[in-house]
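Notes for the one structure printed next.
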Amino acid sequence: MSVDWREEAEKLVSFLGDRSHLWLVSHHSPDGDGIGSAVALALTLERRGFAVSISHPGPIPRRFRAVDAFFPSTPVASAAPPHDGLIVIDCNDPVRLGSLRRLVVGSAAPRFVIDHHPAPPEMRAENVVCPSCSSTGQVLYQLFLALGWPLETDVASALSLAILYDTNSLRLVRGDAEPLRIAAELIDRGADWAAVQRELNASRSRGQLELMRRGLDRIRFASEARLAYSWVERDDFVACDCESDDARELVNWTNEIEGVLVGFVLIEEAPGRYKVSMRSNRGVPVDRIADAFGGGGHSNAASARIDGARDEVVAALVDCFHTVLKG
């Protein structure tokens, strides 16, 4: 289904109207798409005369700090920054706002959502949402293009991070070449592609390598080796001097094993609580698995938070995998 980007862009223009102070927020566990998209939009809006602030409900992982520094986000404690407009980026569910949820839901300012995840009813009032886009960065690129807003070098680099992160460095493009065309255009516009790639994929600490070794050692198989999984415990992060983002690549390893249809990784966030990341590149819709546990995402990449003992969580995921596989 084609998107009329001029029509979508007019929604944003209408929302901006005569507002002067904009607050941009994204989801918990800040990632490359949320951070890169927020920075790109903030830079662009500031240059158009708006006062802008960015908040993320969590610390900025090391590998995203270079782009975050283009327009530093502001930690929020008990009060939101002054704003007469609120833009939610790369987040389709109030629950995913984490520690910012109370402030966002309680804000009297009009709200606008820019995302590439399907929007539930409570997030649909004012939005530009394109589930066929690979990333929120791609949505913003199309909006900027439709509006004729300039893609300056720092904006192009921020959008590059967003797109690279959510496509696993352009490996997950869902049969659509548009992200590749956009990547080429961003490079032509001056994006520091090599630097973004280096920060994203080639700046691993020794501690992260040890964390990955532990995760790889734990890989197990189920369902006649069609499903692979692993886990990382809180003690591992302490021992390896790592943060949660340092374990994110492990799920890709579980999904890249010959014969495996789905890979997932359990990240222990608290005793009896796990964030489960899921990947599939062979046609099994992992968003349906995530949905069953109150999570969400896309057909080839999704996540959920699940409470319970690790073995119980694994058993429940395996059962759900069988259900989805049967159709």
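The values are calculated or read from the model by the stated rules, or taken from the named source; none is laboratory data. Predicted model, so just to flag it, every value in this text is computed and none were measured. Positions of Cβ are generated from backbone atoms using ideal geometry, with glycine treated the same way; all protein chains shown enter the neighbour counts.
Of the residues making up region 242-268, those that are part of a loop (DSSP other than H, G, I, E, B) and either among the small types (Gly, Ala, Ser) or in contact with a helix residue (DSSP H, G or I) (Cβ under 8 Å, 6 or more places away or on another chain) (or both) are CYS242, GLU243, GLU249, GLY259, VAL260, LEU261. Scanning region 64-106 for residues that are touching a residue at least 60 places away in the same chain (Cβ under 8 Å) and hydroxyl-bearing (Ser, Thr, Tyr) returns a single hit, SER99.
Within the bounds of region 233-241, is there any residue that is β-branched (Val, Ile, Thr) and either surrounded by 17 or more Cβ atoms within 10 Å (Cβ to Cβ) or part of a loop (DSSP other than H, G, I, E, B) (or both)?
No, there is no match, as no residue in region 233-241 is β-branched (Val, Ile, Thr) and either surrounded by 17 or more Cβ atoms within 10 Å (Cβ to Cβ) or part of a loop (DSSP other than H, G, I, E, B) (or both).
Given the criteria of a type in the set (Lys, Arg) and over 30 Å from TYR141 (Cβ atoms), does ARG214 qualify? Considered against the rule, which asks whether it is of a type in the set (Lys, Arg) and over 30 Å from TYR141 (Cβ atoms), ARG214 comes out as yes.
I'd like the residue in region 43-69 that is over 19 Å from the mean Cα position of the chain (by Cα) and part of a strand (DSSP E or B) and, out of all such residues, is surrounded by the most Cβ atoms within 10 Å (Cβ to Cβ). Going through the qualifying residues, I end up with VAL52.
Here ALA225 clears all of (1) outside the structural domain of GLY34 (by TED's automatic domain parsing); (2) in a helix (DSSP H, G or I); (3) touching a residue at least 12 places away in the same chain (Cβ under 8 Å) except the condition numbered (2). Looking across region 138-181 at every residue that is of a type in the set (D, E, K, R) and modelled with pLDDT of 95 or more, the one that is farthest from MET278 (Cα to Cα) is identified as GLU152. For region 208-249, residues that are small (Gly, Ala, Ser) and closer than 30 Å to ALA40 by Cβ total 2.
From the list ALA222, ALA301, ALA228, pick out the single residue that is in contact with a helix residue (DSSP H, G or I) (Cβ under 8 Å, 6 or more places away or on another chain) and under 28 Å from ARG65 (Cα atoms). Walk me through how you get there before you give the answer.
Details: ALA222 fails: under 28 Å from ARG65 (Cα atoms); ALA228 fails: under 28 Å from ARG65 (Cα atoms).
Of the residues listed, the single one that is in contact with a helix residue (DSSP H, G or I) (Cβ under 8 Å, 6 or more places away or on another chain) and under 28 Å from ARG65 (Cα atoms) is ALA301.
From the set of residues in region 245-276 that are at pLDDT 90 or above and among the basic types (Lys, Arg), which is nearest to GLY308 (Cα to Cα)? Result: ARG273.
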